[in-house]
């Protein structure tokens with residue numbers, strides 16, 4: 001009985017120690033070989049559970065970019081349509097609250113960035129599948145994934161009142177073009 | 001300080017006996033929040049997690065370069081598997097909230113939650129990470145000794161589950177909550193916009209995140225600067241000063257008001273609610289037990305009057 005209690009205590013201490021280590025990891029120098037070696041035994045556990053303790057929303061500075069992603073679809077017939085995902089800022093309040101954040105994370109903070117370019121073909125392929133029923137007689141020529149953004153101007157130069165639309169034009173850039181396999 | 005003293009302090013902090021009520025309260029509300037969040041995500045289940053969705057399984061799996069356990073990779077890659085996992089997750093979340101077969105429920109729920117989270121990591125935010133961490137801590141916590149089906153069935157059998165337990169899981173949860181604030185405070189204190197007082201302005205001008213209008217306060221330089229700097233002060237207090245007994249309660253009240261303010265003005269679901277529920281865990285466990293008893297008594301009285 002006493003042995004079981006001791007084993008439990010050792011186990012609990014070990015777990016506490018590991019989690020304290022995981023907590024402070026974000027604030028240590030990631031490039032340091034010393035840190036790398038100290039964390040070597042813990043890394044597989046951290047990866048397995050994806051316990052990356054990075055509490056960095058709005059830090060070190062909040063983003064100053066309003067952005068969204070959509071797609072231009074060109075059909076062989078010469079017709080062109082625009083494909084839009086759920087865009088939180090343009091959706092009704094309840095949908096924005098319940099579903100908007102996932103779309104913002106995936107598209108505006110994910111797909112939009114070059115770091116996630118490996119997902120661009122999958123995004124275009126999804127769009128191609130999704131519009132098939134609406135345009136059964138059309139053949140897709142190409143799909144352009146497009147990012148739209150504007151930088152929030154310096155507050156001293158152009159103060160935007162809260163919840164009012166900014167009078168700043170969006171910039172556009174086609175970051176990926178997909179063509180169906182022949 | 002001598003090693004023996006340090007050991008004594010460590011043992012007092014982590015292994016003194018505390019009432020189990022706080023952990024049981026936390027399990028119930030954590031379960032409700034997880035269930036609500038999952039129900040929201042289920043509306044777009046096929047889109048986020050299905051193989052015909054935005055991120056087919058092979059793309060998601062390519063990201064998981066480390067040893068992992070993802071049920072989507074084990075089950076056949078089909079809509080039926082997704083449906084089975086969705087139903088399983090909802091059942092587990094209900095079991096967890098109600099405290100039914102808690103140990104096995106917690107373990108399986110951790111696996112299924114990981115499965116969904118690692119199926120599409122790009123949609124995740126801080127709330128998902130915190131929920132996953134808390135769920136992990138709950139695996140080791142006697143969190144269904146009260147206010148649960150487990151305790152109800154035990155009572156029927158004439159058994160009494162422990163009302164006082166070792167504090168270590170509760171302390172781990174408290175340290176985690178405190179660390180979230182310390183960490184975000186450290187990260188923000190390196191940002192020029194937080195230091196010059198304009199950060200709240202830019203954060204609240206992100207179109208996708210705005211919610212309800214707040215008169216005047218977010219529209220003048222002075223109030224925005226006050227809000228920016230008080231955010232740093234509140235986060236520092238919630239991380240560090242909250243551990244000082246005399247400050248705990250007022251800081252929790254400020255913390256709750258702070259999160260309610262964000263909840264009103266910004267469209268960030270789950271996180272604010274989760275932090276409000278979590279902050280209550282920072283109370284002294286004996287105080288928390290008394291507050292829960294008072295709240296339950298009030299609810300019962302209202303029911304009787306009703």
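The values are calculated or read from the model by the stated rules, or taken from the named source; none is laboratory data. Please read all numbers here as calculations on a predicted model, not as lab measurements. Positions of Cβ are backbone-derived with ideal geometry, glycine not excepted, and every protein chain shown enters the neighbour counts.
List of remarks:
- If the condition is being farther than 16 Å from residue B:115 by Cα, under 24 Å from the mean Cα position of the chain (by Cα) and either touching a residue at least 60 places away in the same chain (Cβ under 8 Å) or surrounded by 13 or more Cβ atoms within 10 Å (Cβ to Cβ) (or both), then region A:28-51 contributes only A:43.
- Checking each residue in region B:97-136 for being assigned to a helix (DSSP H, G or I), farther than 23 Å from residue A:101 by Cβ and more than 12 Å from chain A (Cβ to nearest Cβ) picks out B:98, B:102, B:103, B:104, B:105, B:106, B:107, B:108.
- Which listed residue, of B:247, B:236, is in contact with a helix residue (DSSP H, G or I) (Cβ under 6 Å, 6 or more places away or on another chain) and surrounded by fewer than 17 Cβ atoms within 10 Å (Cβ to Cβ): B:247
- Region A:135-165, subset over 18 Å from residue A:108 (Cα atoms), touching a residue at least 60 places away in the same chain (Cβ under 8 Å) and surrounded by 11 or more Cβ atoms within 10 Å (Cβ to Cβ), residue farthest from the other protein chains (Cβ to nearest Cβ): A:141
- Candidates A:67, A:12, filtered to the one that is facing chain B (nearest Cβ under 10 Å), in contact (Cβ under 8 Å) with a residue 60 or more places away in the chain, surrounded by 15 or more Cβ atoms within 10 Å (Cβ to Cβ) and not in a loop (DSSP other than H, G, I, E, B): A:67
- Scanning region B:45-87 for residues that are more than 29 Å from residue A:41 (Cα to Cα) and surrounded by fewer than 16 Cβ atoms within 10 Å (Cβ to Cβ) turns up B:52, B:75, B:76, B:77, B:78, B:79, B:80, B:83, B:84, B:87.
- Test: residue B:184 is crowded, with 18+ Cβ neighbours inside 10 Å, at the interface with another protein chain (Cβ under 8 Å from one of its Cβ atoms), closer than 27 Å to residue A:28 by Cβ and in contact (Cβ under 8 Å) with a residue 40 or more places away in the chain: yes
- Restricting attention to region B:63-85, the residues that are assigned to a helix (DSSP H, G or I), at pLDDT below 95 and within 20 Å of residue B:136 (Cβ to Cβ) total 0.
- Just one residue in the set B:297, B:289 is more than 20 Å from residue B:131 (Cα to Cα) and in contact with a strand residue (DSSP E or B) (Cβ under 7 Å, 6 or more places away or on another chain); that residue is B:289.
- Among the residues of region B:201-223, those identified as within 8 Å of another protein chain (Cβ to nearest Cβ) and either outside any loop (DSSP other than H, G, I, E, B) or at positive phi (or both) are B:201, B:202, B:203, B:207, B:208, B:209, B:210, B:221.
- Check on residue B:258, surrounded by 16 or more Cβ atoms within 10 Å (Cβ to Cβ), under 23 Å from residue A:162 (Cβ atoms) and touching a residue at least 24 places away in the same chain (Cβ under 8 Å): yes
- Tally of residues being outside any strand (DSSP E or B) and either within 12 Å of another protein chain (Cβ to nearest Cβ) or buried (at least 18 other Cβ atoms within 10 Å of the Cβ) (or both) across region B:154-176: 10
- Filter result for residue B:36 (touching a residue at least 60 places away in the same chain (Cβ under 8 Å) and either over 15 Å from residue B:117 (Cβ atoms) or part of a loop (DSSP other than H, G, I, E, B) (or both)): yes
- Enumeration of residues in region A:100-134 that are closer than 21 Å to residue A:81 by Cβ, surrounded by fewer than 22 Cβ atoms within 10 Å (Cβ to Cβ) and in contact (Cβ under 8 Å) with a residue 40 or more places away in the chain: A:112, A:120, A:121, A:125, A:127, A:128, A:130, A:131
- Filter pass, residue B:88 being farther than 26 Å from residue B:276 by Cβ, modelled with pLDDT under 95 and within 27 Å of the chain's Cα centre (by Cα): no
- Per the listing B:279, B:206, B:273, the residue uniquely touching a residue at least 60 places away in the same chain (Cβ under 8 Å), surrounded by 14 or more Cβ atoms within 10 Å (Cβ to Cβ) and over 19 Å from residue B:183 (Cβ atoms) is B:273.
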